[in-house]
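Peer 1: Let me begin by handing over the structure; questions about it come next.
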Amino acid sequence: MERPSALPLPAHPYEYTEWLKARVGSNYHVEVDDHYYSGPFQLLHERLDIRLTATTIEAFRKGERVAAHARSYVKGGYTTLKEHMPPEHRAYAEWSPSRFTKWAGKTGTATARLVEKVMAGRTYPEQAYRACMGIIHLSQHYEPERALKYNACSYRSMKAILAAGLDRQDNQENGGQMCLPLHQNIRGKEYYQ
């Protein structure tokens, strides 16, 4: 009986929306639900209105939409649009693992192997770019062969090896193994035969 006067159903089902405020950080990202989304770099340190749904996130400044992303549920992850990056950061976006390996190879094969190991140890190779740059810089003055022997595959480890002078020690007589100090509580290999 009411069918002739009823309105048609909406074309899309209702979607729950949450509104909140977030500040654009110095890395031009806003943190929403433990994930980081980019915003225009011109809006650094500004407070934006954030519209959050199950599938999208939108950022508004004074009622005007300035950014929109597909929502990600990866905790601690980053979602970045290239057009939000400052021009000097866009060059970094063009970096790739093969470019770093090739760049490290110009210094030496050990440097290239160490850079490959560092990137392989990360979930996303991009997370290792900064460490790889440091290793490439250090390896221009030192050969990272010792870092590979000790399986110290990080910038900090390589720097510590250099600071301790381990890169200059000759460990050939004990097969590249570090010697344990003589002590009465240390059993030798004969004990386990």
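Peer 1: How many angstrom separate the Cα center of the stretch 45-111 from the Cα center of the stretch 27-43?
Peer 2: 9
Peer 1: Evaluate the relative contact order of the stretch 18-85 (contact order divided by residue number), counting alpha-carbon pairs under 8 angstrom at least 6 apart; express in whole percent. All intermediate terms of the calculation are to be shown ahead of the outcome.
Peer 2: Working: 140 pairs, mean separation 22.9, N = 68.
It rounds to 34 percent for the stretch 18-85.
Peer 1: Sorted by average packing, counted as other Cβ atoms within 10 angstrom per residue and highest first, what order do 105-111, 16-22, 115-121 take? Can you show the working numbers first?
Peer 2: Values: 105-111: 16.9, 16-22: 11.3, 115-121: 19.3.
Highest to lowest by the protection proxy: 115-121, 105-111, 16-22.
Peer 1: Do any chymotrypsin sites (Phe, Trp or Tyr not before Pro) in the stretch 41-100 lie in a DSSP loop with no more than 16 other beta carbon atoms within 10 Å, and if so, which? Can you show the working numbers first?
Peer 2: Values: sites: PHE41, PHE60, TYR73, TYR78, TYR92, TRP95, PHE100; in loops: TYR73, TRP95.
Listed in order of number, the matching sites are TYR73, TRP95.
Computed from the coordinates by the stated procedures, all read-outs in this text should not be read as laboratory data. What you see is a predicted model; the values in this text were computed from it and never measured. No Cβ is skipped: glycine too gets one built from the backbone with ideal geometry, and neighbour counts run over all protein chains shown.
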